[in-house]
Amino acid sequence: MENQDKFDKICQILDENGRDKSKLIPILQAIQEVYHYLPEEVLYFVASSLGISSAEVYGVATFFAHFTLKAKGKHIIKVCDGTACHVKKSTTIIDAIRTKLNLTVTSNTTRDMLFTLETVSCLGACGLAPAMVIDNEVYGQVSPEKVTKIIDDMIKQEERQCL
């Protein structure tokens, strides 16, 4: 989506919500669906459009864990490192993903913006440990080999879509 299309979509989101400051959270949710994060310049625009301070918008955007101010990839990989998953060696899953995607602890999104790796405290799937979620699809009892295959399959699918 081009920048002008994204800007038009933001204006549409604001209009659909009546430019009502009491609807700030749903507005930010909808904007995050467009960008996959909340860019700083967009937060300023939203504040100006709603007639509220940028500090108020920023406060809401940073308070809720659902929102992110950092660009994320198209596919979000969440690996559980809670107690059950950790005991079942989830760290080897995390290491395998980092190796496969050439990621580090400080750089968790691929350069092509295709994947972002996140470590979470619990996915609520302890019986499937070690577990991970990719784009809301749960994968249980994963191994480094299984994770590598899943990612390879996703990359192949993305390549086919580009043809």
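The values are calculated or read from the model by the stated rules, or taken from the named source; none is laboratory data. This structure is a prediction, so every number in the text was calculated from the model and none was measured. Cβ placement follows ideal geometry from the backbone for every residue including glycine, while neighbour counts extend to all protein chains displayed.
Residue-by-condition table, conditions (1) at pLDDT 95 or above; (2) over 25 Å from LEU103 (Cβ atoms); (3) in a loop (DSSP other than H, G, I, E, B); (4) not hydroxyl-bearing (Ser, Thr, Tyr):
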position: PHE7; (1), (2), (3), (4): no, yes, no, yes
position: ILE27; (1), (2), (3), (4): yes, yes, no, yes
position: GLU41; (1), (2), (3), (4): no, yes, no, yes
position: VAL46; (1), (2), (3), (4): yes, yes, no, yes
position: GLU56; (1), (2), (3), (4): yes, yes, no, yes
position: ALA65; (1), (2), (3), (4): no, no, yes, yes
position: GLY73; (1), (2), (3), (4): no, no, yes, yes
Checking ARG19 against (1) surrounded by 12 or more Cβ atoms within 10 Å (Cβ to Cβ); (2) modelled with pLDDT under 95; (3) assigned to a loop (DSSP other than H, G, I, E, B), the condition it does not meet: (2)
Some residue of region 106-120 being surrounded by fewer than 19 Cβ atoms within 10 Å (Cβ to Cβ), outside the structural domain of PRO26 (by TED's automatic domain parsing), of a type in the set (Gly, Ala, Ser) and under 15 Å from the mean Cα position of the chain (by Cα): yes
Cross-chain or 6+ apart pairs with Cβ under 6 Å, region 87-102 first and in the same structural domain as THR148 (by TED's automatic domain parsing), then assigned to a helix (DSSP H, G or I) and surrounded by 19 or more Cβ atoms within 10 Å (Cβ to Cβ): ILE93/VAL147; ALA96/VAL147; ILE97/VAL147; LYS100/ILE151
Region 112-138 - residue that is among the polar types (S, T, N, Q) and assigned to a loop (DSSP other than H, G, I, E, B) and, of those, farthest from THR148 (Cα to Cα): SER121
Where a residue in region 18-31 is outside the structural domain of VAL57 (by TED's automatic domain parsing) and its partner, wherever it lies, is among the hydrophobic types (A, V, I, L, M, F, W, C) and part of a loop (DSSP other than H, G, I, E, B), with Cβ under 9 Å and at least six apart: none
